[in-house]
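Below: one structure, written as structure tokens.
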Amino acid sequence: MKVPFSGTREGEAPLTWGQRLMWRAVHLMGPSQSFLNCPWVLPVYGKRDLSSVLNALGRMLERHEGLRTTFHDTPHGPVQRVARSGELTVELAQAGPEGPLGTANRIAAELGTTVFAHGEDLPLRCVVVLSGDRPRALALVFSHLAVDYQALSLVSAEWRALLRGDDLPPPEWQPMEQAALEGEGSFLERSRRSIRYWRSVLETVPLDVFDHPPGEPEEQRFIEVGMESVALAVAAERLAERLKISTTSVVIAACATVLAVVSGRPRAVMQLVHSNRRDPRTQSLVATVGQDGLLVLDLPDTGFTDTCLATHRSALLAYRNAHYDPFEMQAMREEIGRIRGREPDLDAFFNDRRGDGTWPNLPRLSPDQDLTPLTAKTHTYVTNAWPGVRFKVFFTLGTAPDTGQLSLIIDTAYLSRETARAMLLAVETLLVRSLTQDVPIAAVRDLTPVT
């Protein structure tokens, strides 16, 4: 069935910096660009009929121009084109034995395996999951060219009000306004500062993530190994409170330490996916705003406490220099490649997808309760595989509110799936052990054997 929408305006504008970053990633990944799709599920609150659910979905499209945008290459560069009106095709599906939300999660994952035709398709697909004739959930997948995970949190926050038919104030900031702002002099100077910082790092950084040459990869070369660990989340919260830093910084510190141990280097270099929403105007913007910061962490000769504090400082520096024109950044990286013989390999990443950096539904434990028994409940699993996504190491902290959901994408030509599993468990062990002792960096390799 068709869901019509009619917005207040149409238009064409250059891509925002966030869109430019995704535009380049889409074209680099080719057939594997489905990795950049964003599956999402919205529950249907209350006893709503199908008509009211579809009407709320249409209002969502009308409110947010990024959801009715297509992306086009032109002789003057890529542009975004906002449609004033149109229709979204929506499918219907009955809930399976896993229940409506479980069915919606499964369907959303399936929708995410198909790439978008960005010049033709609206940047979202939708299936309404029914129990009988009653809608219970929406299974969606969005293009990362149109949204980031902060934007999806905004969509979720307003979804209940849209279902009720509430008269919401229109968003004051849309992607075309963001693109215009980023063309102003102050933003261009900010971009130049960020690029100068990156250049200072790239002039001396190692050319490769790993010193060893690639071996024979698995049939699906790039795999994602996941871990769910309540112990990791509780330990990260306790350490963050003790050190007066964020849980994000604590988990980055553990991941960077393990990466440095595996690579056999005292320095970890990672790109940090950053939301870039400090500007109040972007707080209600449904678009992809995030960009990558560049973390450089020299491991101290002392213990993990100092590593956490050093990571926090280095992450703040990375975030301050994570707002730039990706096209200008790529030109600088290519120039460094000509000077050094080739571009440095920066294919190590960390992404915290939690909207507010918390786990709101963790079990209540006494402040001094030993977390070691909790680690027995930790489990790991292979969750995804792709033929080519251009990452060697990609840590992701997931959005589960009741457990530490950490995953690791690896290039199996460099790391085995057992090594990936060992790295995730090493992160957990390092965080839990650090609650009772300041673990020396030299001892990290012994926490969990990593080959």
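The values are calculated or read from the model by the stated rules, or taken from the named source; none is laboratory data. It should be emphasised that the depicted structure is a prediction, and the values quoted were computed from it without experimental measurement. All Cβ positions, glycine included, derive from the backbone under ideal geometry; neighbour counts span all protein chains shown.
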### Task
Might you let me know whether region 251-273 holds any residue that is surrounded by fewer than 24 Cβ atoms within 10 Å (Cβ to Cβ), under 22 Å from V205 (Cα atoms) and of a type in the set (D, E, K, R)?
yes
### Query
Any idea which residue in region 1-38 is surrounded by the most Cβ atoms within 10 Å (Cβ to Cβ), counting only those that are of a type in the set (S, T, Y) and under 19 Å from the mean Cα position of the chain (by Cα)?
T16
### Task
Sort out which residues of region 296-335 are surrounded by 22 or more Cβ atoms within 10 Å (Cβ to Cβ), within 21 Å of the chain's Cα centre (by Cα) and β-branched (V, I, T), and write them in order of number.
T311
### Task
Residues being buried (at least 21 other Cβ atoms within 10 Å of the Cβ) and among the charged types (D, E, K, R): count how many of those fall in region 223-237.
1
### Query
Name the pairs whose Cβ atoms lie under 7 Å apart, with the first residue in region 37-59 and within 25 Å of T114 (Cα to Cα) and not assigned by TED's automatic domain parsing to the domain that holds V141, the second of a type in the set (D, E) and crowded, with 20+ Cβ neighbours inside 10 Å, and 6 or more positions between them or separate chains?
none
#### Entry: Filtered residues of region 177-199 (kept if within 13 Å of L294 (Cβ to Cβ) and either assigned by TED's automatic domain parsing to the domain that holds L272 or of a type in the set (G, A, S) (or both))
S194
### Summary
The helices (runs of 4 or more DSSP H) lying entirely within region 68-187 that contain at least 2 residues which are among the hydroxyl-bearing types (S, T, Y) and under 25 Å from the mean Cα position of the chain (by Cα) are 149-164
### Task
Using the structure shown, decide if I223 is among the β-branched types (V, I, T) and under 21 Å from the mean Cα position of the chain (by Cα).
yes
### Query
Going by the structure shown, is W159 assigned by TED's automatic domain parsing to the domain that holds L42 and aromatic (F, W, Y)?
yes
### Message
Quick check on region 364-373. Is at least one of its residues touching a helix residue (DSSP H, G or I) at 6+ places or on another chain (Cβ under 8 Å), surrounded by 13 or more Cβ atoms within 10 Å (Cβ to Cβ) and in a strand (DSSP E or B)?
### Response
no
### Query
How many residues are charged (D, E, K, R) and at pLDDT below 95 when one looks only at region 139-159?
1
### Message
Please determine whether any residue of region 57-78 is over 24 Å from P169 (Cα atoms), touching a His at 6+ places or on another chain (Cβ under 6 Å) and surrounded by fewer than 19 Cβ atoms within 10 Å (Cβ to Cβ).
### Response
no
### Task
Identify, from the list G398, G357, the residue that is on the phi > 0 side of the Ramachandran plot and surrounded by fewer than 22 Cβ atoms within 10 Å (Cβ to Cβ).
G357
